[in-house]
Each structure stands twice: as C-alpha cells, then as structure tokens.
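Beneath this line is the structure, given in structure tokens, with notes to follow.
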Amino acid sequence: MTQPIRVPKTPLLLGLAGWIPFWIPVALATHAVATGRSAAAETALFIVYAAIILGFLGGVRWGQALTSETHQSSTFMISVVPSLAGLAAALLYWAGAPLTALALIFASLFMHWRWDIAAMHRRRLPVWYGRLRSVLTLGACSAAVAMLVLYPMSV
C-alpha cells in the first residue's frame with residue numbers, strides 16, 4: 001500500500017495557522033524599526049514561540065519513536081534536543097545575546113527539518129509529513145531571518 005503524498009487538510013491548516021505567531025513578531029518588529037523603537041519585546045515573543053514549536057517538534061519525534069517497532073533509544077534521546085535548543089535560545093536572549101538566540105532558533109528549525117526529511121526517506125515518517133514540514137520550515141526559517149535582519153536595525 002502506498003502512502004498518501006497529499007498533505008491532509010487538518011494538519012495543513014493547523015500548520016499554516018502556526019505561522020501566524022512567527023510572523024506577528026516580524027510585523028511588530030518592522031513597525032518598531034519604522035517608529036524608531038527597540039524590537040526587544042517582539043524578539044522575545046518570537047524566541048519563546050519558536051522554543052515552544054521546537055519542543056512540539058521534538059514531541060512529534062518522541063511519538064514516532066513510541067510507535068516504532070524497534071524503539072530506538074537514539075531517537076528518544078535526540079528528540080529532547082529541540083526542546084533544549086529552544087530553552088538555550090531563550091536563555092541566550094535574556095543573557096543579552098539576542099542575535100545568537102535567533103541564529104540558534106534558525107539553525108534548530110533547519111536541522112530538525114533535515115532530520116524529518118531523512119526520516120521520511122527512511123520511511124519512518126509519512127511522505128506527506130515531509131512535505132508539510134518543508135513548507136512550514138520555510139515559513140518559520142524565513143521569519144527567523146527577518147528577525148535577524150530587523151533586530152539590529154531597532155537598537
């Protein structure tokens with residue numbers, strides 16, 4: 001039996017709705033730059049939401065490991081890394097390194113996407129999920145790049 005290639009409607013709509021909290025801080029940071037004020041609060045909001053999403057993505061992979069017949073301990077261990085990366089980004093932000101925090105968010109989202117695509121090719125995740133993750137990662141990473149550009153312009 002072949003796997004469906006088309007992304008199911010509900011995950012697609014929920015995933016695209018998940019872009020909104022990535023892009024609202026970008027829009028607010030753009031306004032901050034235009035009005036000459038700091039985008040520190042917008043950057044914090046972006047990093048906190050991205051950290052939540054990284055935790056969610058790690059949870060998806062934990063769930064995938066639970067349903068695997070092999071229960072590979074390496075997948076369980078690696079699946080906690082996104083949450084830790086999100087936490088590290090938040091700590092970096094509050095330690096005064098917002099650009100490093102944003103870069104870590106970008107890198108973490110990108111690397112998790114690569115991991116998901118590799119798992120899709122190994123048939124551990126459905127093809128449609130790989131396609132969905134590609135679209136969602138493009139939006140999230142684009143927002144991270146926008147924040148990396150905007151933040152220095154606001155300080």
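The values are calculated or read from the model by the stated rules, or taken from the named source; none is laboratory data. Every value quoted in this text rests on a predicted model; they were computed, and no experiment measured them. Virtual Cβ from ideal backbone geometry, glycine too; neighbours counted across all protein chains shown.
Structure data summary
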quantity	calculated
Exclusive hit being farther than 27 Å from Pro25 by Cα and touching a Ser or Thr at 6+ places or on another chain (Cβ under 8 Å), set Ala40, Ala89, Ala85, Ala65	Ala65
Residue that is modelled with pLDDT of 95 or more and surrounded by fewer than 18 Cβ atoms within 10 Å (Cβ to Cβ), where the choices are Leu92, Leu99, Leu104	Leu99
Counted residues, the range 111-155 - those being closer than 21 Å to Ile47 by Cα, out of contact with any helix residue (DSSP H, G or I) (no Cβ under 6 Å at 6 or more places or on another chain) and without any contact (Cβ under 8 Å) to a residue 40 or more places away in the chain	7
Hits in the range 53-73 - residues which are touching a Phe, Trp or Tyr at 6+ places or on another chain (Cβ under 7 Å) and of a type outside the set (Gly, Ala, Ser)	Trp62
Set Ala95, Ala103, Ala32, Ala40: member being free of Cβ contacts under 8 Å to residues at least 40 places away in the same chain and not polar (S, T, N, Q)	Ala95
Residues of the range 54-79 that turn out to be in contact with a helix residue (DSSP H, G or I) (Cβ under 6 Å, 6 or more places away or on another chain) and over 19 Å from Ser134 (Cβ atoms), as a count	5
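Quick grid of which residues meet (1) of a type in the set (Ser, Thr, Tyr); (2) surrounded by 12 or more Cβ atoms within 10 Å (Cβ to Cβ):
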residue	(1), (2)
Pro11	no, yes
Val26	no, yes
Thr30	yes, yes
Tyr49	yes, yes
Leu54	no, yes
Trp62	no, yes
Ser74	yes, no
Ser79	yes, yes
Leu84	no, yes
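Yes/no matrix, rows are residues, columns are (1) modelled with pLDDT under 90; (2) touching a strand residue (DSSP E or B) at 6+ places or on another chain (Cβ under 7 Å); (3) among the hydrophobic types (A, V, I, L, M, F, W, C):
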position: Ile5; (1), (2), (3): yes, no, yes
position: Ala27; (1), (2), (3): no, no, yes
position: Thr35; (1), (2), (3): no, no, no
position: Ala41; (1), (2), (3): no, no, yes
position: Ala44; (1), (2), (3): no, no, yes
position: Ala51; (1), (2), (3): no, no, yes
position: Gln64; (1), (2), (3): yes, no, no
position: Thr67; (1), (2), (3): yes, no, no
position: Ser74; (1), (2), (3): yes, no, no
